[in-house]
Amino acid sequence: MSSPLDKLEPRLVWKHFDAIRQVPRPSKHEERIAEHVVAWGKSLGLATGRDATGNVLVKVPATPGHEKAPVIVLQGHLDMVPEKNSDVTFDFEKDAIQVRVVGDYVYATGTTLGADNGIGVATAMAVAEDPAVVHGPLELLFTVDEETGLTGATQLDPGLLAGRTLINLDTEEDAALYIGCAGGADTHAAFTVTREDALAQTVPVRISVRGLRGGHSGVDIHENRGNALKFLVRTLAAVRRAGIEFGIVSIAGGSKHNAIPREADAVVRVAASSEGALRATVNEAARVLKEEFGEIDPGQRLECATLAELPENRKVFIRFDNERLLDALLACPHGVLAMSRAVPGLVETSNNLAVVTTEGNAVSVVTSSRSSVMPSLAATTEQVGAAFRLGGAEVEHLEGYPGWKPNPSSIVLNRALAVYEREFGAKPAVKAIHAGLECGLIGEKYPGMDMVSMGPQIESPHSPDERVQISTVGRFYRLLSETLKELA
Ligand SMILES: [Zn+2]
């Protein structure tokens, strides 16, 4: 049967991608695509197998005469994000992705395309098969479940790979090489508070933060967007500074550990005679926050509403608990803590004050720290933990995931840079990302692994608008082939 991809070059890459897109492979359902790749390896007489987690490894002998060259690992992931438009009938566990070519792009029809990371997998298969590509011994490593938990990389057997140089094929940017990512770790703090009956003549008031942009706590953190929880505790601190007595009934905000909080609420009680002063102080806090964050968060709102007298609003935290909770939340850092020297413009270390909830006498806090430098990550979680311990909370540090520290003098990076300049007459950008990648996990299992990540231009990955730019697939193939030749 003919396919819209039949006429595209490089032929071998598109032949493999055309086959891959017809094999269902949403995350956590990689059985069939793994079988497909294993069958291909066996058909070429290559040593092929799967580890206990389901990752596929195919060993490709060197081009004759290059047997002594270092082993190079080519790595991509087998799974894809299954997203579709609501008006499209499509079963990601059964149906083949329908593709169409529009100008210089390949699209799917109403679904994700799976170029992330199907093009990476297809490209590795193509270079292994292409007699024109000169290379040393290769290990093709295809991981499972990258998209919903980095499971394959997390559980990778540390004895599986012989290679100590790895080229990851999961970058979505032409003209860029990636050399680093952030590791991350969450900290949970649990406060137990004591409540007392509110004084007579006090009224319950809700102070709300609304309209912030929020965003991803990794890739958006450099923008210094407002954190609704920080807005809220700074407002309460202003109320305290103004000498207005208040008791907290509840405090809550944020929803996900990896999202910057967009909304937060506190219910407090103040003397009825202080209500006017409270409103004035909140308005002044709103003005100050607007001055500070108005440009990045133009939609911000601080609202103050007097509530009905309900039983749940009658018990307030004792003053001691009010103070220690407020101070701990004020002391907890949020935002960028350090910028990278190795990669200009990269956030090296950050913290997100992510979620606060109140349930009965328990106030829980979740924070999420990131850094591409593991000692800095440990120092940050320690600092966050200390702020909450000083506030009298029980602190728990959750197991995180490792970062990939950028190494500008990496051999594989410098070979790829030289090849890129020679082949395309321009310098690619050298970048890193302030979020997790498989390379962080693989590097932890294989200390000293020299790594770089490359790929073609893929727009809107993880959405039904996902598309891959055809001309950049050819460039990617040339960059990878020539880099392998240099390393052989
Ligand atoms: Zn990917």
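Can you work out the FRET efficiency for the pair LEU390 and HIS216, with r the C-beta to C-beta distance and R0 = 41 Å, to the nearest 0.05?
Computed FRET efficiency for LEU390 and HIS216 comes out at 0.90.
Cβ under 10 Å from LEU46's Cβ, LEU46 left aside: what net charge do those residues give with Lys, Arg +1 and Asp, Glu -1?
Here the charged neighbours net out to +1.
What FRET efficiency, computed as 1/(1 + (r/R0)^6) with R0 = 60 Å and r the Cβ-Cβ distance, is obtained for GLU423 and ALA190, rounded to the nearest 0.05?
Taking R0 as 60 Å, the efficiency between GLU423 and ALA190 is 0.60.
Could you compute how fast region 370-437 diffuses translationally, taking Rh as the Kirkwood radius over C-alpha pairs and applying Stokes-Einstein at 25 °C with viscosity 0.890 mPa s? Give it in µm² per second.
Reported coefficient: 163 µm²/s.
Counting only protein heavy atoms and using a 1.4 Å probe, what share of the accessible area of region 1-99 belongs to carbon plus sulfur, as a whole percent?
Ligands and nucleic acids excluded, carbon and sulfur reach 54 percent.
Contour minus end-to-end for ARG11 and ALA237, with contour as 0.36 nm per residue of separation and end-to-end as the Cα-Cα distance?
Working: separation 226, 0.36 × 226 = 81.36 nm, distance 6.44 nm.
Net length gain for the segment: 74.9 nm.
May I ask you to list the trypsin sites (Lys or Arg not before Pro) in region 86-184 that are in a DSSP loop and have at most 12 other Cβ atoms within 10 Å of their Cβ?
The qualifying sites are LYS94.
Please give the contour-minus-distance gain from LEU44 to ALA175: 0.36 nm per residue of separation, less the Cα-Cα distance, rounded to one decimal in nm. All intermediate terms of the calculation are to be shown ahead of the outcome.
Numbers: separation 131, 0.36 × 131 = 47.16 nm, distance 3.24 nm.
That pair, LEU44 and ALA175, stretches by 43.9 nm at full extension.
So for the chain, taking the charge dipole from beta-carbon charges (+1 Lys/Arg, -1 Asp/Glu), which of PRO24, GLY49, ASN407 sits furthest toward the positive end?
ASN407
Would you please give the residues with an amide H less than 5 Å from that of ALA432, counting only those at least 5 places away or on a separate chain, with H modeled from the backbone geometry?
Counting only residues 5 or more places away or on other chains, the set is ILE179.
So what is the 222 nm mean residue ellipticity for the chain from helices alone, if each DSSP H run of at least 4 adds -39500 (n - 2.57) and you divide by all residues, rounding to the nearest 500 deg cm²/dmol?
-9500 deg cm²/dmol
So, R0 is 25 Å and r is the distance between the beta-carbons of VAL288 and GLU382; what FRET efficiency does that work out to, to 0.05?
0.25
What residues from region 379-423 fall in the zone where the backbone N is under 18 Å from a label point 7 Å along the Cα-to-C-beta line of GLU486?
Once the point is set 7 Å along Cα→Cβ of GLU486, 407-423 turn out to lie under 18 Å by backbone N, inside region 379-423.
Under a Cβ-only charge scheme (Lys and Arg +1, Asp and Glu -1), can you give me the dipole magnitude of the chain about the Cα centre, in debye to the nearest 20? Can you show the working numbers first?
Working: 48 positive and 63 negative charges, 150 e Å.
The calculated dipole for the chain is roughly 720 debye.
Kindly write out, for region 255-267 in residue order, the coupling ³J(HN,Hα) from the Karplus curve 6.51 cos²θ - 1.76 cosθ + 1.60 (θ = phi - 60°), rounded to whole Hz, with x marking Gly and Pro.
After applying 6.51 cos²θ - 1.76 cosθ + 1.60, I find 9, 10, 5, 9, 10, 6, x, 9, 9, 7, 9, 10, 9 Hz.
I need the per residue convex hull volume for the chain, using only the alpha carbons, in cubic angstrom as a whole number.
166 Å³
Please enumerate, by chain and number, the aspartates and glutamates with C-alpha under 14 Å from the C-alpha of LYS485, excluding those fewer than 8 residues away in the same chain.
Output for LYS485: GLU67, ASP130, GLU423.
Tell me the per residue accessible area of region 371-420 using a 1.4 Å probe; a whole number in Å² is fine.
50 Å²
For region 286-345, what is the accessible area per residue in Å², given a 1.4 Å probe and the full set of protein chains?
Value returned for region 286-345: 58 Å² of accessible area per residue.
Using a 1.4 Å probe over the heavy atoms of the protein chains, calculate the carbon and sulfur portion of the accessible area of region 328-386 as a whole percent.
Percent of accessible area from carbon and sulfur atoms in region 328-386: 56.
For ILE411, project a label point 7 Å along Cα to C-beta. Then give me every residue of region 155-183 with its amide nitrogen under 11 Å of that point.
164-166
For a test of the definition: using alpha carbon positions, the gyration tensor, and the 1.5 limit on a/c, classify region 162-229 as rounded, prolate or oblate. Could you put the intermediate results ahead of the total?
Details: a/c = 7.01, a/b = 2.46, b/c = 2.84.
Here region 162-229 falls in the oblate category.
Give, to the nearest whole percent, the P(r) tail of region 184-397 beyond 26 angstrom, counting all Cα pairs.
Value for region 184-397 (Cα pairs over 26 Å): 34 percent.
Can you give me the C-alpha center-to-center distance between region 440-488 and region 161-231, rounded to a whole angstrom?
With region 440-488 and region 161-231 each reduced to a Cα centre, they are spaced 28 Å.
Dipole of region 332-488 (Lys/Arg Cβ +1, Asp/Glu Cβ -1, origin at the Cα centre): which of LEU480, ILE442, GLY391 lies farthest to the positive side?
LEU480
The values are calculated or read from the model by the stated rules, or taken from the named source; none is laboratory data. Bear in mind that the values here come from a model prediction, so they are computed numbers and not experimental data. Positions of Cβ are backbone-derived with ideal geometry, glycine not excepted, and every protein chain shown enters the neighbour counts. Heads up: the accessible areas ignore ligands, DNA and RNA and are worked out on the full protein's heavy atoms, side chains in. Shrake-Rupley method; radii C 1.70, N 1.55, O 1.52, S 1.80 Å.
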